[in-house]
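The values are calculated or read from the model by the stated rules, or taken from the named source; none is laboratory data. Source: prediction; values computed, not measured. Glycine gets a Cβ as well: all are built from the backbone with ideal geometry, and neighbour counts include every protein chain shown. In case anyone asks, the SASA skips ligands and DNA or RNA and just uses the protein heavy atoms, side chains included. Shrake-Rupley method; radii C 1.70, N 1.55, O 1.52, S 1.80 Å.
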Amino acid sequence: ASGQAEGLLGHRPGENPASPDLGRTFALALQRLAIGHLSLHRSAEAVAANREALGVYEALVTADPDNVQTQIDMADTYAGLGEALGAEGHDAAAVAAMRRGLSIYGNRGYAAGGANLAKLHLALGVVLVKADAAGALDAFGKAAALFALEPVRSEDPSKLAESYAGMGDAQAKLAAAAPSVVRASQWQA
């Protein structure tokens, strides 16, 4: 993965540590490479490319901890890593990566992260629904609330529908596991 990105850029960003723009360009190229790998069902390569991008972002954050764009880029890379890990079947690691991305948004005050934050909540719900229906319901609900806001809604209306569908799936799992006295109300929800 990195060899292809290095070929595009001519050299690794480590050759010029004084150039944060080059470092960000390299990391963004790795993120895009990871997306391409994942779309071709090469999840192991996507994991590797995302991890390498995170290494670049961590160096950039160390050099400039107040750079908001780098923090957001890193959060989005954790989201990509989580999706790739989920595709590999490593659900616990996927959840941990996605939660790390969410913590960057939350800890740095980027709660209004828009579409990317909403997509991260949605991706987390997709992974959680397998084993933690209550956690998934929370994640899908947060995604739906964000996707329902303008201008996020105009970017991808289908994501709002996916969020509501996920909420339904999570409620169904909760209902199936609930004691009979509360099952009806959960099926209704």
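Only protein heavy atoms count here; under a 1.4 Å probe, His121 has an accessible surface of about 20 Å². Computing FRET efficiency as 1/(1 + (r/R0)^6) for Thr62 and Ser180, where r is the C-beta to C-beta distance and R0 is 45 Å, gives about 0.25.
The simple spin-label model puts a point 7 Å past each Cα toward its Cβ; for Ala172 and His41 those points are separated by 2.4 nm. Within the shell of other residues whose beta carbon sits under 14 angstrom from the beta carbon of Gly166, the net charge comes to +1, with Lys and Arg scored +1 and Asp and Glu -1. Scoring 69-76, 165-172 by mean Cβ neighbours within 10 Å over their residues and listing the highest first yields 69-76, 165-172. Straight Cα distances below 17 angstrom link Lys130 to the lysines Lys173, with same-chain residues fewer than 8 positions distant left out.
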